[in-house]
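Below is one structure; the comments refer to it alone.
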Amino acid sequence: MNAFDLGKFEEEAQEQWNHAFESNPSNLEKFYLTVAYPYPSGAMHVGHGRTYIVPDVIARFHRMQGKQVLYPMAFHVTGAPVIGISKRIAKNDPKTIRLYRDLYKVPQNVLDEFTDPLTIVRHFASEYQRVMTACGISIDWRRRFTTVDPTYSRFIEWQWKHLYEAGHVIKGAHPVRYCTVDDNPVGDHDLLEGDKAEVIKFTLIMFHFGDALIPTATLRPETIFGVTNLWVNPAITYVRALVDGNPWIISQEAAEKLALQDHTVEITEKIAGKDLIDTTVNHPLCGTVPVLPADFVDPDMATGLVMSVPAHAPFDYIALRDLQLAGKYTTIKPVPLIKVEGYGDVPAQDAVERAGITHQMDSRMDALTQEIYSAEFSKGKLLEKYGGKPVRVARDDVAALMIETYGSKIMYEFDTRPVVCRCGNKVKVKILHDQWFLKYSDPAWKKQVSDQLGEMALVPSEVRLEFDRTVDWLKDWACTRRVGLGTRFPWDTSQLIEPLSDSTIYMAYYTIAHRIREIDPVFLTPEVFDYIFLGKDSPELPEKKKLDAMRKEFLYWYPYNYRFSAKDLISNHLTFQLFHHVTIFPKNKLPRGMVVFGMGLLNGAKMSSSKGNVFLLEDAIRDFGADTVRMFLMGSAEPWQDFDWRNELVISTKKQIERFFNTVTESKDAEGEPHDIDRWIISRLQSHIVRTTEALINFQTRQALQEAYFGIETDLKWYRRRLPENIDGSRELHTLCSVWVRLLAPFIPFTGEHLWKELAGEGLVSFAPWPVADTKLINTRIELAEELLSRTVEDIESIRKLIQITPKSITISIAPAWKQEIFLLIAKAPERNTVLKEIMKDEAMRKRGREATDAAKQCTTLIHRLPPQVVDSLVREPIDELAVFQDAKAFLEQEFGVPVHVNQAESSEHAKAATALPFKPAIIIE
RNA sequence: GCGAGAAUAUCUAAGAGGUCAACAGAGGCGGACUCAAGAUCCGUUCCCGUAGGGGUUCGCAGGUUCAACUCCUGCUUCUCGCACCA
C-alpha cells in the first residue's frame, strides 16, 4: 500500500528532519546563505513563502553536493509599526481587528493580548517558525534570535562603537514630518494621507515692507532679478509676527510652521490681506515692486505670500495678464532674465500662447510650469547682465548670496498636500535637533562599498547598475528614533537605533547566536565581540573557552556566500549592510554575493495584506501540500522575476508531482534487460543532470525544474513509446529513478524523502549525494538515431494527415552516399558561399550536374534548420540511417499499423525517392 | 519628475543576429483506454495547403543587415525604488 499522500509524506519527513539541519563547523567546504529576516507583524503569505523557499532550494542543493550548509533565521522586531498596531487594537479599530482576526485568523484570546506590541511579534515569530518548518525549510533553528534580545543589543552596541570610531556617526539637525498633536515624528505607516509628499527646501526672499519684512518662498531664487510684483490673497488674514525678534508679515499657518523650524515666533497683530494690496515692497536685487491681489495664493503653502516672475512662471504671467485685461496695472511688463533655447525672450508667454491657454484655471497649467522649470534648469542661462551663468549653477549661487547678504532664510515645506496624520491633524515639517546620522554621503566610505561591490557576485547581473546608482545617490541617513522597539543609542540613550541600521551585520551574529546565549549579557563588552569577530585579544576576557568556540564558528562560516532579499531592499538594506561590513570586518570577511528577488502577485494583482489581497502560506500548504507550493513557486518564474499565484496552475502542479510519484513507484522495480532505448534514456539523463546542476548553480530554479522534471518526463514518454510490445522497462529505470528523485529533492523534499526510502536509498535524501553526470554513458550515436527516428515519425504523421488517404504501406528511402558527402562538406565549411565551388571541383560531382547543385542547396537549407548540436554530432560521427530504420521497423509498423519498407533511394523507382536528404529520408505513403 | 527593469500566441513563460511559427507548462479542442468519471496516453491549438510546404507574426513607429523576437533610435504601457519606513 503506497498511495500518493502529501500530508503523510510531510508527517514522515518532519519526524526525520527534527534537528537534521543544525549545522556545525566541519572539515567540509562550507556554504553559508542568509535571507532578510522577517518583521513578524502578520501572518505569512505565499509571497513570503517564496522568499524563504528559494534559498532553501539552493541550500538543499549545496547540501547534497556535499557541502556544510548553514541556513539560519531570526526575527526583526525593531521599529514602530507594531506599536501603532497594538494601539489600534487597544482602541478597537475595526480595520485592524478585521485584518488580524479574519485574515490572519488570530484567536480572540490571543488577539486580546495584542495591546502589548511585544506579544504581537512574539506570536507571529512563532507562527513564522511553525509555517516555515511546515514548508520544509531547512533552517538551523538553534540560532534563532530576535533583535530586542539583550544579547543582541550588546552586539549592536559593539557594531556602533566601530561605526562611531570610524567617524561615520554624526550629529545634526534634520527636517521631519511632525504631528503637533501626537508630538511625534510621523512615519509612513502613521499617515492617513500624503504618503507621497516630499519635504522640499525653499529659500525665503525677504522683501522690505516699511519696518517689516515680507518673506516669499521660492525654489528658484535666481529669478529674483525678474520679480515685477508680489501676490497676496486679499481674502485671507495675515499676521504680523516677531520672528527671531524681527517683524515679519506671513500667514497664520506659516507662523505656526516657522515656530517648528528653529525660529521664535510671536504674533503681534492681524493684517487683512486686502490691506496689503497696492502697497509696495522692495528688495535690493529687484527694486521697488507693487503688491497685487491673487486668489490662487494659498496661506497653507510656505509663507502664504508669493513673488511674481511673469517672464518665467506661467502662473504669474497669466495672472498678471488677467489683471491687465481688466485694465489694471498695465504698466507692469515681464522682466526676462533667462535665455533658453526654443523659447523667445519671455518663455512663460511663449509657452502659454503655444498651448493656447486662456485662463488660470486651465488644468494644463501645472504641466506647463513644470515644462518651463525643467527647460530653464537644464538648458537655460542667465542673461549677461545677471552674470551669464547656467541656471543650475546660478540657482545655488544666488541662494547662497541671498542667505549671506540679504537676510534670506531656509524654510521646509511639503511639495504636495494635504499631509494628514492618522490622528486627523495636519502634519507639518519640524526640524529635529539631536538627530544622529550615518554619513553615507562620505565619498571615501562610498568608494569602499563600490570596490566591494565590484568583487561580489550579483544575481541577476542587471541589478549591478542599480546598486552602483544607489551607492552614488545615498545621502546621510537619520539613524536614531524616538519611538519604537530596539537598542538604545549609546550616545543618547533617550533615543533608539533605527531598524534599518540595526540589521546590517547580523549575518555574523548568526554564527554565534546559539552559543552566546550561554553568557550573561552583562559580560558582553565590546572587547568580547572584538575577540570573537576580529581576533583582538584583551586581558580578562570572560569564559575564554566559549569565546574560542564562537571565534571558531565565525571563522568557519564567515563571510557569508550569498544574501537573498527582495529587490525593493536594494536602495536601503542591501546597500546599507555593505557600508557597515566594509567598516567593521576585514577584507576576507566581506560579503561574497547577493541574490535579488522579484515581487509576488496574486491572480495578476499585487499582493498586499492591507488590501486583503493575500493567500496565506499556511492555507496554501493545507490545500495543496507543501511540496506543491514549493514546486509551483520555484517553477513559475525565476527568483528575480515577479511571480503570479493562480490556484488553477497550482492544482496542475500537484498533479505533476503525483505523476512523478506514480512513475517512480511503478518503474523502480523494473527488471527487464536493457535495450538500445535504455542506453538512449540513460544517455539523455546525463545531460539533464548537467543542465539541472548548472541551472541551480546560477539560482535558476525554474530552468532547473524544466530540466529535472519536464525534460525527464518527456524522455520517459518517448521511452515507453519505443519499448517493444509486451516489454516493460528495464532495470536501468531503477538508476533513472534514483537520479530523478535526487534531482527533484531540493524542490519537493517531502515526496523526495518518501520515494528515497522506497528506492532503498541510504539515509535521508536531503543529505544524499547529488547526481553527477557520467560522460561514459553519453551515447551520441544512439541519441542521433532516436532524433532521426522521431523527426521521421513526425514527418510521416504530418503527411498522413494532409493527404487524407488510408495508407497501405510506408516506404522510407535513405539518401545516397554522395548526398551525405555534400551534406558533410557544407556542414563543415566555414564559408558557405564558396563551398559550392569546392564541391563542384570534384569530378564525380560535376558529372551529376544539376542534381548535385540542387542537393547542395537543399542541404544548406536543412543544415540551417537542424539544431547545431545535431549537425555537429553528424559531422563528427555520421550514422547509418539504413540500419536505424531497419531496427525500428517493428516500432514504425506498430505506430502506423501498416507495413513499413526501408530502402536506398538510389535503388527506388519512385520519383519521390529523389527528394531524400541526409537526416531527412524520402517518405512514400501509398 | 528621477533611477532601474519589463512588454512574446488564450494564460504563465523560454528565446538575446540565421537553429524560430517561436522550448516548456497550463487551458481549449479531437481521439484512445473505461460502464462512466478521474488519471494516463496520442493528436491538435496564428492563417492557407490532398506530401513533410507556404504566408503573416513576438508593445508601436522607424533604422542597421543578405538575414532581427534578438542590434540602434524615438514613442506607448507596466513593475520596483526615490529614504527616516519594514
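Examine the range A:72-90 for a residue that is out of contact with any strand residue (DSSP E or B) (no Cβ under 6 Å at 6 or more places or on another chain), farther than 30 Å from residue A:482 by Cα and surrounded by 23 or more Cβ atoms within 10 Å (Cβ to Cβ), and state whether such a residue exists. It would help to see each step written out before you state the result.
Applying the first criterion (out of contact with any strand residue (DSSP E or B) (no Cβ under 6 Å at 6 or more places or on another chain)) to the range A:72-90 yields A:72-74, A:76, A:79-90.
Those still in the list that are farther than 30 Å from residue A:482 by Cα too: A:72.
Next, from what is left, pick out any that are surrounded by 23 or more Cβ atoms within 10 Å (Cβ to Cβ): A:72.
The answer is yes; a qualifying residue exists.
Yes/no per residue for (1) within 16 Å of RNA strand B (Cβ to nearest atom); (2) under 30 Å from residue A:859 (Cβ atoms); (3) among the β-branched types (Val, Ile, Thr):
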site	(1), (2), (3)
A:728	yes, no, no
A:737	yes, no, no
A:770	no, no, no
A:781	no, yes, no
A:800	yes, yes, no
A:803	yes, yes, yes
A:809	yes, yes, no
A:823	yes, yes, no
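Filter the range A:635-665 for residues that are touching a residue at least 40 places away in the same chain (Cβ under 8 Å), hydroxyl-bearing (Ser, Thr, Tyr) and near RNA strand B (Cβ under 10 Å from one of its atoms); which is nearest to residue A:746 (Cα to Cα)? So the residue we want is A:636. Among the residues of the range A:531-558, count how many are in a helix (DSSP H, G or I) and in contact with a Leu (Cβ under 8 Å, 6 or more places away or on another chain). Total satisfying the criteria: 4.
Residues are listed down the side, and each one gets a yes or a no for (1) surrounded by 18 or more Cβ atoms within 10 Å (Cβ to Cβ); (2) closer than 29 Å to residue A:595 by Cα:
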position: A:464; (1), (2): no, yes
position: A:467; (1), (2): yes, yes
position: A:471; (1), (2): yes, yes
position: A:488; (1), (2): no, no
position: A:493; (1), (2): no, no
position: A:497; (1), (2): yes, yes
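Which of the following residues is buried (at least 22 other Cβ atoms within 10 Å of the Cβ) and more than 27 Å from the chain's Cα centre (by Cα): A:58, A:120?
Working: A:58 fails: more than 27 Å from the chain's Cα centre (by Cα).
Only one candidate passes the filter, namely A:120.
Looking only at residues in the range A:819-867 that are within 20 Å of residue A:880 (Cα to Cα) and either of a type in the set (Val, Ile, Thr) or modelled with pLDDT under 75 (or both), the one that is nearest to the chain's Cα centre (by Cα) is A:863. Just one residue in the set A:130, A:142, A:154, A:122 is touching a Leu at 6+ places or on another chain (Cβ under 9 Å) and outside any loop (DSSP other than H, G, I, E, B); that residue is A:154. Taking every residue in the range A:702-719 that is more than 8 Å from RNA strand B (Cβ to nearest atom) and pairing it with any residue that is not in a helix (DSSP H, G or I), at least 6 positions away or on another chain, the pairs with Cβ-Cβ distances below 7 Å are A:705/A:747.
With the condition kept exactly as written, say whether any residue in the range A:617-634 is over 30 Å from residue A:464 (Cα atoms), of a type in the set (S, T, N, Q) and within 16 Å of RNA strand B (Cβ to nearest atom). Full working, then the answer.
Pass one, the range A:617-634, residues over 30 Å from residue A:464 (Cα atoms): A:617-629.
Keeping just the survivors that are of a type in the set (S, T, N, Q) gives A:628.
Then drop every residue that is not within 16 Å of RNA strand B (Cβ to nearest atom), which leaves A:628.
The answer is yes, given that some residue of the range A:617-634 is over 30 Å from residue A:464 (Cα atoms), of a type in the set (S, T, N, Q) and within 16 Å of RNA strand B (Cβ to nearest atom).
Looking at residue A:809 and the list (1) buried (at least 17 other Cβ atoms within 10 Å of the Cβ); (2) touching an Asp or Glu at 6+ places or on another chain (Cβ under 8 Å); (3) closer than 19 Å to residue A:914 by Cα, which single condition is not satisfied? Failed condition: (1).
Looking at A:483, A:528, which is the one that is more than 8 Å from RNA strand B (Cβ to nearest atom) and either in contact (Cβ under 8 Å) with a residue 12 or more places away in the chain or not in a helix (DSSP H, G or I) (or both)? None of the others qualify; the one that does is A:528. For the range A:326-342, filtering for residues that are in a strand (DSSP E or B) and in contact with a Ser or Thr (Cβ under 9 Å, 6 or more places away or on another chain) leaves 1. Scanning the range A:692-701 for residues that are part of a helix (DSSP H, G or I), away from RNA strand B (no atom under 12 Å from the Cβ) and touching a residue at least 40 places away in the same chain (Cβ under 8 Å) yields a count of 3. Of the residues A:442, A:502, A:415, the single one that is within 14 Å of RNA strand B (Cβ to nearest atom), acidic (Asp, Glu) and surrounded by 21 or more Cβ atoms within 10 Å (Cβ to Cβ) is A:502. So in the range A:878-909, with the set limited to residues that are under 22 Å from residue A:862 (Cα atoms) and part of a loop (DSSP other than H, G, I, E, B), which one is nearest to RNA strand B (Cβ to nearest atom)? Going through the qualifying residues, I end up with A:879.
Go through the residues of the range A:722-732 one by one and say whether even a single one is free of Cβ contacts under 8 Å to residues at least 24 places away in the same chain, within 16 Å of residue A:680 (Cβ to Cβ) and either among the acidic types (Asp, Glu) or in a helix (DSSP H, G or I) (or both).
Let us first name the residues in the range A:722-732 that are free of Cβ contacts under 8 Å to residues at least 24 places away in the same chain, namely A:726.
Checking which are within 16 Å of residue A:680 (Cβ to Cβ) leaves us with none.
No.
Cβ-Cβ distances below 6 Å connect the following pairs, each with a first residue in the range A:784-808 that is at negative phi, a second residue that is in a helix (DSSP H, G or I) and aromatic (Phe, Trp, Tyr), and a separation of six or more residues or different chains: A:786/A:680.
Each row is one residue, and each column tells you yes or no for (1) assigned to a strand (DSSP E or B); (2) among the polar types (S, T, N, Q); (3) within 30 Å of residue A:337 (Cα to Cα).
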| site | (1), (2), (3) |
| --- | --- |
| A:436 | yes, no, no |
| A:444 | no, no, no |
| A:454 | no, no, no |
| A:458 | yes, no, no |
| A:461 | no, yes, no |
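Only one of the listed residues (A:23, A:41, A:86) is more than 23 Å from the chain's Cα centre (by Cα), hydroxyl-bearing (Ser, Thr, Tyr) and within 16 Å of RNA strand B (Cβ to nearest atom). That residue is A:86. Go through the range A:651-664 and give me each residue that's at pLDDT below 90 and β-branched (Val, Ile, Thr). Listed by number, the list holds a single entry, A:651. The helices (runs of 4 or more DSSP H) falling completely within the range A:601-682 that include 1 or more residues that are β-branched (Val, Ile, Thr) and touching a Ser or Thr at 6+ places or on another chain (Cβ under 7 Å) map to A:626-635, A:647-667. In the range A:1-100, counting only helices (runs of 4 or more DSSP H) that sit wholly within it, the ones holding 1 or more residues that are modelled with pLDDT of 95 or more and aromatic (Phe, Trp, Tyr) span A:6-17, A:46-64. Tell me yes or no: at least one residue of the range A:153-175 is touching a helix residue (DSSP H, G or I) at 6+ places or on another chain (Cβ under 7 Å) and at pLDDT below 90. Taking every residue of the range A:153-175 in turn, none turns out to be touching a helix residue (DSSP H, G or I) at 6+ places or on another chain (Cβ under 7 Å) and at pLDDT below 90.
Kindly indicate the residue of the range A:143-154 that is more than 29 Å from the chain's Cα centre (by Cα) and in contact (Cβ under 8 Å) with a residue 60 or more places away in the chain and also surrounded by the fewest Cβ atoms within 10 Å (Cβ to Cβ) among those meeting that condition. Break it down into steps so the answer makes sense when it comes.
Residues of the range A:143-154 that are more than 29 Å from the chain's Cα centre (by Cα), as a first pass: A:149-151, A:153-154.
Still in the running and in contact (Cβ under 8 Å) with a residue 60 or more places away in the chain: A:150-151, A:153-154.
Values: A:150: 12, A:151: 17, A:153: 19, A:154: 21.
The selected residue is A:150.
Residues in the range A:446-465 that are of a type in the set (Asp, Glu) and modelled with pLDDT of 90 or more: A:451, A:455.
For the range A:196-207, check the following and say yes or no: at least one residue is part of a helix (DSSP H, G or I), surrounded by 14 or more Cβ atoms within 10 Å (Cβ to Cβ) and of a type outside the set (Asp, Glu). Scanning the range A:196-207, I find no residue that is part of a helix (DSSP H, G or I), surrounded by 14 or more Cβ atoms within 10 Å (Cβ to Cβ) and of a type outside the set (Asp, Glu), so the answer is no. In this structure, is residue A:588 at pLDDT 90 or above, farther than 22 Å from residue A:6 by Cβ and either among the polar types (S, T, N, Q) or surrounded by fewer than 14 Cβ atoms within 10 Å (Cβ to Cβ) (or both)? Yes: the conditions hold for residue A:588.
The values are calculated or read from the model by the stated rules, or taken from the named source; none is laboratory data. This is a predicted model, so every value here is computed, not measured. Reconstructed Cβ throughout: ideal geometry from the backbone, glycine too, with neighbour counts over all protein chains shown.
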